[in-house]
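> Take this structure, written in structure tokens, and hold onto it; I'll ask about it next.
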Amino acid sequence: MIKITNKSKCCGCEACSQICPKKCITMKPDEEGFMYPIVDESICINCGLCEKTCPELNLQENKNPIDVFAAINPNAEIRFKSSSGGVFFYLAEKIINQGGAVIGACYDKNWRVKHEVAYTLDDVQKMRGSKYVQSRMNDVYLQTKKLLQNGIPVLFSGTSCQIMALKLFLNKEYDKLLAVELICAGVPSPLLWSKYLKEEVYPKINSSQPSQEISNIEFREKSKGWKNFRIVISSKRATTHIVSDFNYENSFFSCVLKRAVQRYSCYSCPAKAGRSNSDITLGDFWNYQSDDIIVDDDRGVSVVLANTEKGIHFLEGLTLTRREFGEVMMKNPASVKSGMCSVYRKNFYKRINHKSVREEMAFLKRHVLIRRIVNKLLRLIHVNYLLKY
């Protein structure tokens with residue numbers, strides 16, 4: 001039976017609630033807005049299936065990829081509208097053309113993030129683009145299993161823990177499953193995202209139902225470049241954007257960048273470094289050095305880790321250039337290791353009960369700057385001491 005005594009040992013993948021044959025596990029938000037499993041012990045039969053699907057209880061060995069590439073979608077328009085190089089959409093298109101289904105994260109009508117199943121490229125469009133909020137999984141593990149059992153090809157995309165949870169849930173290999181892992185630096189709480197929308201977005205919309213007036217949310221809009229992306233929230237009516245902030249200016253994203261808002265398990269992720277057993281791992285190839293095949297035109301370049309022969313097969317047709325794994329680990333370290341927990345994480349969610357997200361952003365920026373100045377002074381004092389003695 002799943003019992004959460006240490007919140008850093010639950011990644012919120014929701015596999016336990018979907019595998020339970022008695023449906024006695026429900027996911028409930030804690031005071032920070034992160035989902036955790038609650039077991040109705042009165043109907044639990046102690047079958048142990050929940051424990052067998054838990055990434056935290058079934059740790060794997062680290063594995064290096066078979067091959068490593070920089071990649072871009074050959075369609076420039078698709079690449080421009082994607083977060084990085086447009087590889088996810090390329091893979092999704094292949095699966096849809098095979099009569100398959102694509103499972104990934106999208107927004108619901110209230111701009112909460114959830115996983116859904118898409119059977120057309122129009123529906124896949126909703127899954128494009130990064131979403132810096134933990135996704136609700138609903139019943140997608142169950143749907144994936146049913147599709148595969150019926151012989152339907154499936155592309156399942158998600159964070160490392162979600163892919164690992166899916167593999168444990170299925171408990172067997174399926175030739176028609178393409179598991180695509182997204183490099184993740186940790187997920188913020190849906191509560192924080194909701195608070196940001198209510199405080200900074202909805203007041204700008206003249207409507208009794210402001211969420212219904214939003215037409216699109218892009219965390220990684222690239223009109224000013226891939227490296228200098230903006231968060232853009234568009235209105236159905238207005239010709240101007242409701243929000244158009246560079247990432248470092250936006251109050252929500254600034255808190256994310258300070259590593260003060262992530263789920264506790266994200267600081268010690270159980271599924272990075274090849275442990276998710278994905279076929280392909282995708283992310284941004286930051287600080288990419290151009291070569292004769294792919295030139296960095298600031299429209300986005302993907303890093304692609306091919307973890308299985310199946311994964312390599314699906315990459316055929318992309319514009320690829322082979323790179324070293326060491327280069328990827330250096331330029332996108334989130335591919336192999338978790339970020340450090342900020343000293344401000346412990347009380348962050350308590351503080352935002354009394355402060356706005358923007359006030360908390362200002363607090364973090366001010367205190368981080370003070371710490372940097374103090375640390376620099378301490379280093380200078382240490383160097384001067386060594387030189388003197």
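The values are calculated or read from the model by the stated rules, or taken from the named source; none is laboratory data. Remember, predicted model here, so these are calculated numbers, not experimental data. Please note: Cβ atoms are built from the backbone with ideal geometry, for glycine as well, and neighbour counts cover all protein chains shown.
> Determine if region 176-183 includes at least one residue that is basic (K, R) and not in a loop (DSSP other than H, G, I, E, B). Before the answer, list the steps.
To start, the set of residues in region 176-183 that are basic (K, R) comprises 176.
Still in the list and also not in a loop (DSSP other than H, G, I, E, B): none.
The answer is no; no qualifying residue exists.
> From the list E309, E359, exactly one residue is acidic (D, E) and closer than 20 Å to R259 by Cα. Which is it?
Values: E309 fails: closer than 20 Å to R259 by Cα.
Only one candidate passes the filter, namely E359.
> Which residues, counting only those in region 5-58, are surrounded by fewer than 18 Cβ atoms within 10 Å (Cβ to Cβ), within 23 Å of the chain's Cα centre (by Cα) and in a loop (DSSP other than H, G, I, E, B)?
N6, D30, E31, N58, listed by residue number.
Each row is one residue, and each column tells you yes or no for (1) within 17 Å of S82 (Cα to Cα); (2) touching a Gly at 6+ places or on another chain (Cβ under 8 Å); (3) of a type outside the set (V, I, T); (4) in the same structural domain as P74 (by TED's automatic domain parsing).
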site: I231; (1), (2), (3), (4): yes, no, no, no
site: S234; (1), (2), (3), (4): yes, no, yes, no
site: V243; (1), (2), (3), (4): no, no, no, no
site: E249; (1), (2), (3), (4): no, no, yes, no
site: P270; (1), (2), (3), (4): no, no, yes, yes
site: G274; (1), (2), (3), (4): no, no, yes, yes
site: I294; (1), (2), (3), (4): yes, no, no, yes
site: G317; (1), (2), (3), (4): no, no, yes, yes
site: R323; (1), (2), (3), (4): no, no, yes, yes
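Every residue, every condition in (1) surrounded by fewer than 20 Cβ atoms within 10 Å (Cβ to Cβ); (2) free of Cβ contacts under 8 Å to residues at least 24 places away in the same chain; (3) over 19 Å from D108 (Cα atoms); (4) under 19 Å from the mean Cα position of the chain (by Cα), yes or no:
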site: L166; (1), (2), (3), (4): no, no, yes, yes
site: W193; (1), (2), (3), (4): no, no, no, yes
site: Y196; (1), (2), (3), (4): no, no, no, yes
site: N206; (1), (2), (3), (4): yes, yes, yes, no
site: Q212; (1), (2), (3), (4): yes, no, no, no
site: K222; (1), (2), (3), (4): no, no, yes, yes
site: S234; (1), (2), (3), (4): yes, yes, no, no
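> For the list (1) assigned to a loop (DSSP other than H, G, I, E, B); (2) touching a strand residue (DSSP E or B) at 6+ places or on another chain (Cβ under 8 Å); (3) at pLDDT below 95; (4) within 29 Å of N250 (Cβ to Cβ), I need the number of the one condition that V328 fails.
Among (1) assigned to a loop (DSSP other than H, G, I, E, B); (2) touching a strand residue (DSSP E or B) at 6+ places or on another chain (Cβ under 8 Å); (3) at pLDDT below 95; (4) within 29 Å of N250 (Cβ to Cβ), the lone unmet condition for V328 is (1).
> Quick one: count up the residues across region 351-361 that are surrounded by fewer than 13 Cβ atoms within 10 Å (Cβ to Cβ) and modelled with pLDDT of 90 or more. Don't jump to the end; show me each part of the working.
Start the filter on region 351-361 by keeping residues that are surrounded by fewer than 13 Cβ atoms within 10 Å (Cβ to Cβ), which leaves 353-354.
Now restrict to residues that are modelled with pLDDT of 90 or more: none.
Result for region 351-361: 0.
> Condition check: within 16 Å of the chain's Cα centre (by Cα) and either part of a loop (DSSP other than H, G, I, E, B) or surrounded by fewer than 20 Cβ atoms within 10 Å (Cβ to Cβ) (or both). Does G186 satisfy that? Spell out how you get there, then give the answer.
On the way: within 16 Å of the chain's Cα centre (by Cα): yes; either part of a loop (DSSP other than H, G, I, E, B) or surrounded by fewer than 20 Cβ atoms within 10 Å (Cβ to Cβ) (or both): yes.
Against the criterion (within 16 Å of the chain's Cα centre (by Cα) and either part of a loop (DSSP other than H, G, I, E, B) or surrounded by fewer than 20 Cβ atoms within 10 Å (Cβ to Cβ) (or both)), G186 qualifies.
> Another question, then. Is it the case, given these coordinates, that G274 is over 22 Å from R345 (Cβ atoms) and in a loop (DSSP other than H, G, I, E, B)? Break it down stepwise before answering.
Details: over 22 Å from R345 (Cβ atoms): yes; in a loop (DSSP other than H, G, I, E, B): yes.
Against the criterion (over 22 Å from R345 (Cβ atoms) and in a loop (DSSP other than H, G, I, E, B)), G274 qualifies.
> Restricted to region 312-350, and to residues that are of a type in the set (V, I, T) and in contact with a Lys or Arg (Cβ under 9 Å, 6 or more places away or on another chain), which residue is surrounded by the most Cβ atoms within 10 Å (Cβ to Cβ)? Break it down into steps so the answer makes sense when it comes.
Here is the first cut: in region 312-350, the ones of a type in the set (V, I, T) are 312, 319, 321, 328, 336, 343.
Next cut, in contact with a Lys or Arg (Cβ under 9 Å, 6 or more places away or on another chain) only: 336, 343.
Values: V336: 18, V343: 12.
For region 312-350, the residue satisfying everything is V336.
> Oh, and also: Could you check, for region 210-228, whether at least one of its residues is farther than 30 Å from F285 by Cα, part of a helix (DSSP H, G or I), among the hydroxyl-bearing types (S, T, Y) and out of contact with any strand residue (DSSP E or B) (no Cβ under 8 Å at 6 or more places or on another chain)? Talk me through it step by step, then tell me what you get.
We begin by selecting, within region 210-228, every residue farther than 30 Å from F285 by Cα; these are 210-214.
Now restrict to residues that are part of a helix (DSSP H, G or I): 210-213.
Right, trim to among the hydroxyl-bearing types (S, T, Y) and you get 211.
This time we only want the ones that are out of contact with any strand residue (DSSP E or B) (no Cβ under 8 Å at 6 or more places or on another chain), so: 211.
Checking region 210-228: at least one residue is farther than 30 Å from F285 by Cα, part of a helix (DSSP H, G or I), among the hydroxyl-bearing types (S, T, Y) and out of contact with any strand residue (DSSP E or B) (no Cβ under 8 Å at 6 or more places or on another chain).
> For C255, all conditions in the list (1) at pLDDT below 95; (2) in the same structural domain as Q134 (by TED's automatic domain parsing); (3) within 16 Å of the chain's Cα centre (by Cα) hold save one; what is the number of the exception?
(2)
Condition check ((1) more than 21 Å from E56 (Cα to Cα); (2) at pLDDT 95 or above) across all residues:
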site	(1), (2)
N277	no, yes
D292	yes, no
G300	yes, yes
V304	yes, yes
